[in-house]
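The values are calculated or read from the model by the stated rules, or taken from the named source; none is laboratory data. All values derive from a computational prediction rather than experimental measurement. Backbone-built Cβ (ideal geometry, glycine too); neighbour counts: all protein chains shown.
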Amino acid sequence: MRDLTEGPLLRAIVSGTWMDPETGRPLACPIRAIKVAESLDGADADLIVSLDLGDCIAVVADGATWSALGRRVCCNLRRAATIDAVVLREPHADAETVAVVLERCRHATGLLAVGSGVINDLCKAAAAKSGRSYRRLRDRRVDERLYDQHGFSDGRRRREDDRTGHDAEGRLS
């Protein structure tokens, strides 16, 4: 597994010590780790624990990301923390669903969004409202498989991801 924060520039950005040349102040960076590997299976628990989510982690996913990645992550994490698995059926990025996430994660010290898009938005909003930390676990291969299964096989979603810079093989942020 390659740690992309090994180089001095990325290490400075991720640690918050890199000075923005336009403002002269440290650049605020919410990303704490970037790992690229053929698979994070088996290493995901150690990586997630290092992100300071506490000793009770809510793993939040929808049905598709739960089957593709969430279940495995929960099994691997159980040896390192107490896990609350929160699987949402057809979630929407709205205040009602944020309230559901808050209720179902009420015992958690931190939230882990498995996937991107709506799940990430919901966890980000719930974490902000509750003052808890959240992180996102994303696997590019899982994303591609799910996009293809849900009608994005024409590459439309991949091009959208490329424009936003989310094109790494796997990212844990």
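At-a-glance table
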item	result
Residue tally, condition in contact with a Gly (Cβ under 7 Å, 6 or more places away or on another chain) and assigned to a helix (DSSP H, G or I), over segment 58-68	1
Positions within segment 69-100 being farther than 16 Å from L53 by Cα, of a type in the set (A, V, I, L, M) and not in a loop (DSSP other than H, G, I, E, B), in sequence order	L69, V87, L88, A95, V98, A99, V100
Filter result (in contact (Cβ under 8 Å) with a residue 24 or more places away in the chain and either in a strand (DSSP E or B) or among the aromatic types (F, W, Y) (or both)) within segment 25-57	K35, V36, C56, I57
Segment 26-71, subset at positive phi and more than 15 Å from the chain's Cα centre (by Cα), residue surrounded by the most Cβ atoms within 10 Å (Cβ to Cβ)	G54
Cβ-Cβ under 9 Å pairs, at least 6 apart or on other chains, segment 120-137 side assigned by TED's automatic domain parsing to the domain that holds G70 and buried (at least 22 other Cβ atoms within 10 Å of the Cβ), far side among the basic types (K, R) and assigned to a helix (DSSP H, G or I)	Y134/K124
